[in-house]
Structures are given as C-alpha cells and as structure tokens.
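Report on the structure given below.
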Amino acid sequence: MTEYKNAHIIFINRPGVNSEPVEDNFRYEECPAIKETLEDGEVLIQTLYLSVDPALRCRMNEDTGVHYMQAWQLGETIQGLEGIGRILKSSHPNYIASDLLEIKMNCPWKLFFLCKPDDGLIQLQTLNRAVVGDHPSLALSCLGLTGLTAYLGIKLKGHIKPGANQTLVVSGAAGATGSLAGQIGRLEGCSRVIGLCGSDEKCKLLTDYWGFDHAINYRKENVAQRLKETCPDGIHVYFDNVGGEISDTVIRQMSPDSHVILCGQISVYNTDLPYPPPLSQDIQQILLEKNITRDRFLVLNYLDQFEPGINTLAQWLSEGKLKVKETVADGLQEAGRAFVSMMRGGNIGKQIIHVSD
Ligand code: NDP
C-alpha cells in the first residue's frame with residue numbers, strides 16, 4: 001500500500017494586532033505520512049496550488065473581528081482560503097481518482113490530506129477543465145473568488161453606465177483583485193481608468209500590459225497632485241482595496257453622486273482598527289455633502305451570482321479581453337514567506353503557491 005510522506009505549514013506565533021506578519025509566524029514541518037486506507041466517504045487529496053490572501057491576516061489575531069473567519073490556533077496546520085488539488089483515491093461516490101478539485105474555504109496548507117466532503121468542513125468542487133483549460137491556478141485568480149470580487153464589486157457597487165464618460169480609480173491596482181477591477185471597469189464602460197500601486201515596475205505594467213490610462217506610484221509620487229492631472233473630469237467610481245491615507249486622498253477628489261466600492265482596507269490590516277475602520281470627520285462630511293455611496297462589499301454575500309459571474313469572466317478571458325498575472329512561490333515550504341511578501345507588496349497579480357505538479 002502506498003504511503004504519502006507528508007508536510008504542512010503550522011502557525012507558530014501571533015505577530016500581534018499592531019505588527020506586520022513575519023516569516024517566523026509560520027513553520028514548515030514534516031507530519032505523519034498518509035496511508036491509502038480510506039474510510040467510507042473519504043477522499044485523499046494531493047495539493048497542487050494554494051491561494052494567498054490578505055484576508056488571512058485577521059486569522060493571525062486571537063479575535064478575527066469578522067464573523068466569517070475563525071482565528072488560527074497556535075501549533076495547528078494553517079487553513080487558507082482556497083486551493084487546487086488532485087484526488088489520489090476516493091471512497092466517495094461523487095469524487096473520482098485523478099479528478100482535479102477546487103478546495104473552497106479552509107484549505108489546509110499541507111502536501112496531502114484526507115477529507116470527508118459530506119461533513120462540510122472543507123468544500124470540494126470538481127474543477128471545470130473546460131473553463132480553466134491547462135491552467136488550473138486560474139481558478140484561484142481570474143476564474144475564482146478574486147475575479148468574482150473584482151467583477152461583482154464593479155457590477156453591483158460601481159454604478160457604471162456605458163457612454164457616461166466615467167473615470168474609475170483603483171487602489172492596490174497591480175494586485176490580484178485590482179488588476180482585474182481596472183480591466184473590468186473599462187469593459188463595463190468607464191472611459192478612463194487610473195491605478196494606484198507601490199512601485200514603478202507595477203506602474204509600467206498597469207499602463208503597458210493591463211491597459212490603464214495612467215498609473216500612480218503612491219510611495220513616491222504626490223497622489224493628490226497626480227490625481228488632479230490624470231482625472232480632469234473628476235472621479236466617478238473608486239475601487240478601494242487599501243483604505244487609509246491613500247483612500248482619503250482619492251475621496252477628497254471624488255465627484256458629486258459618485259461611488260466608492262469598499263472592497264478591502266489592507267493598509268490597516270496590521271493595526272487594531274476594526275473592519276471597516278472608522279472614517280475621519282472630514283471624510284464623512286465629504287461623503288455626505290457630495291452624496292457619495294460607500295457600501296461595504298463582501299463577495300461571499302453574492303453566492304447566487306457566482307456561476308454567471310464566472311461564465312462572464314471565462315468568456316472575457318477566452319476573448320483576450322482580460323489579462324491575468326500570477327506571482328508563483330515554488331514549494332509548500334515557501335508559503336509563509338509568500339504570505340508575508342504579498343502583505344508587503346511583493347506580488348504582481350495573484351500570489352499563489354505552487355505545491356506540486
Ligand atoms: P493583492 O494581490 O492586491 O495583494 C495585496 C497588495 O496590497 C500588495 O501587493 C500591495 O501592493 C498592497 N498593499 C499592501 N500594504 C499596503 C498599504 N499599506 N497601502 C497600500 N497598498 C498596500 O491582494 P488581493 O487582490 O487578494 O486583495 C486586495 C484587497 O481586496 C484586499 O484589501 C482584500 O482584503 C480585499 N478583498 C476583499 C474581498 C471582498 O469580498 N470584499 C474578497 C477578496 C479580497 P502595492 O505594491 O501596490 O503596495
């Protein structure tokens with residue numbers, strides 16, 4: 001009987017609510033080998049890819065502050081959001097060996113694992129090969145939660161009207177969600193798209209590869225000044241991935257009756273502020289006076305719109321209307337480093353971990 005030598009990433013210590021996560025918060029360790037003896041209803045899975053997400057930062061705190069995420073416990077295997085796996089053996093009628101799977105929610109950062117899909121702790125969905133082709137990790141980026149976040153955020157909260165000469169500003173624009181949000185905003189009808197990001201290399205990609213009209217490096221440029229220059233007709237939609245000072249600067253220049261898509265606030269994830277963080281008095285006043293909407297957006301609230309959303313994204317991708325980039329960390333042992341790097345801006349497009357072929 002085959003035995004699979006196993007390893008996992010465990011959570012070693014909490015960075016503290018007001019500190020950046022560091023590699024030493026994680027440890028790669030061997031763990032007991034898995035035997036091919038399965039109980040009824042069990043599936044043996046080999047992990048191929050893992051998704052690395054900012055939302056995991058709150059799981060490093062004792063209190064995540066959100067109802068849909070549990071805190072990681074010290075010494076336990078890290079559970080990420082999503083992954084891609086291959087079924088090595090199955091004693092469940094709905095799952096067949098060699099099928100590829102999307103592992104949705106609570107995906108363990110482990111080389112191999114056994115799970116009982118019917119107990120509901122880990123959700124498995126057979127990967128639609130017709131949609132992802134020979135690029136399964138697309139199910140973690142454009143054709144997964146990331147793509148849906150960009151698409152449904154723009155669609156449901158952006159109020160974009162084709163032909164209305166709207167300008168869209170995206171923060172975190174060279175990241176997984178932001179790079180798609182800018183492209184989707186254009187496809188939905190925005191006439192001008194501006195991206196904010198943290199390096200010149202990212203700025204160049206935003207304009208030359210992803211087709212943004214302008215890019216602003218918030219680390220070295222005067223954001224207020226550059227927004228004035230690049231948004232002569234005002235700002236009508238703001239896809240906000242970062243919050244904090246950058247977002248305050250954008251909101252100060254937004255047009256009357258415009259819309260903030262409140263997607264994420266990564267600039268305050270390493271602080272004890274609640275989510276979403278409270279706005280200063282003057283920004284609240286601007287929102288009120290200019291009638292700017294700023295509803296909280298959580299992609300998981302729109303499960304019924306996932307299937308049509310993925311179909312649209314897949315169609316755009318196949319027509320070459322969407323371009324996707326991934327930053328790939330090679331090997332499970334790199335997982336902690338990849339998470340820390342992504343939180344500091346080390347990624348371009350979607351940060352994933354390639355665990356095995
Ligand atoms: P990204 O691929 O965008 O990676 C995170 C990026 O954030 C980094 O690359 C970095 O880019 C930027 N960043 C980090 N710190 C700061 C800072 N202090 N100020 C400005 N930018 C910073 O991650 P995702 O696409 O996965 O997530 C983007 C946002 O979307 C996050 O806020 C996340 O929480 C949110 N999200 C929300 C969902 C929802 O349902 N509402 C679902 C999924 C994600 P740079 O070099 O430009 O600084």
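A few remarks follow.
- ³J(HN,Hα) computed for each position of region 306-315 - Karplus, 6.51 cos²θ - 1.76 cosθ + 1.60, integer Hz, glycine/proline x: 5, 5, x, x, 4, 4, 5, 4, 5, 4
- Accessible surface of LYS323 - all protein chains present, 1.4 Å probe, nearest 10 Å²: 80
- Shape call, region 84-180: gyration tensor on alpha carbons, a/c limit 1.5: prolate
- In a fully extended conformation the segment linking LEU298 and THR126 would gain 59.5 nm over its present Cα-Cα distance, using 0.36 nm per residue.
- A full extension of the chain between LYS323 and ARG219 corresponds to an added length of 34.9 nm, given 0.36 nm per residue minus the alpha carbon distance.
- The apolar share of the surface of region 87-200, taken as the fraction of accessible area on carbon and sulfur atoms (1.4 Å probe, ligands and nucleic acids excluded), comes to 50 percent.
- Packing-based order for 255-263, 130-138, 276-284, using average beta carbon neighbours within 10 Å, highest first: 255-263, 130-138, 276-284
- Paramagnetic label zone (point 7 Å from Cα along Cα-to-C-beta, HIS159; backbone N under 15 Å) in region 237-270: 237-239, 254-262
- Accessible area in the full protein assembly, largest first, 1.4 Å probe, for HIS236, HIS214: HIS214, HIS236
- Descending principal axes extents, the chain, alpha-carbon based, whole Å: 69, 44, 34
- Using the Karplus relation 6.51 cos²θ - 1.76 cosθ + 1.60 with θ = phi - 60°, the per-residue 3J(HN,Hα) values for region 170-181 come to 10, 9, x, 6, 9, x, 4, 6, x, 5, 6, 4 Hz, with x marking Gly and Pro.
- Stretching GLN285 away from GLU20 to a fully extended chain increases their span by 92.3 nm, per 0.36 nm per residue minus the current alpha-carbon distance.
- 13 Å reach of a label modelled at TYR28, 7 Å along Cα-to-Cβ, counting backbone N of region 328-357: 329-339, 353-356
- To the nearest 10, the accessible area of ARG296 is 110 Å² with a 1.4 Å probe.
- Placed amide H near VAL193: partners under 5 Å, 5+ positions off or other chain: LEU168, ASP213, HIS214
- Cα-centred dipole magnitude for region 178-279, charges only on beta-carbon of K, R (+1) and D, E (-1), debye, nearest 20: 140
- Restricting the GluC sites (Glu not before Pro) of region 270-357 to loop positions (DSSP other than H, G, I, E, B) with no more than 15 neighbouring Cβ atoms within 10 Å leaves GLU319.
- With a 1.4 Å probe rolled over the protein heavy atoms of all chains, the accessible area of ARG59, ARG27 falls in the order ARG27, ARG59, largest first.
- For region 8-22, 3J(HN,Hα) computed residue by residue from phi via the Karplus equation (6.51, -1.76, 1.60; θ = phi - 60°) reads 8, 9, 10, 8, 9, 7, 7, x, x, 5, 9, 10, 6, x, 10 Hz, glycine and proline entered as x.
- Most fluctuating residue given options GLY120, GLY16, GLY85, as computed from a GNM of the chain linking Cα atoms under 10 Å: GLY120
- Overall form of region 242-357 per C-alpha gyration tensor (a/c, 1.5; a/b vs b/c): oblate
The values are calculated or read from the model by the stated rules, or taken from the named source; none is laboratory data. This structure is a prediction, so every number in the text was calculated from the model and none was measured. Heads up, the Cβs are rebuilt from the backbone with ideal geometry, glycines too, and the neighbour counts pull from every protein chain shown. The area values use the complete protein model at the heavy-atom level, side chains included, leaving out ligands, DNA and RNA. Shrake-Rupley method; radii C 1.70, N 1.55, O 1.52, S 1.80 Å.
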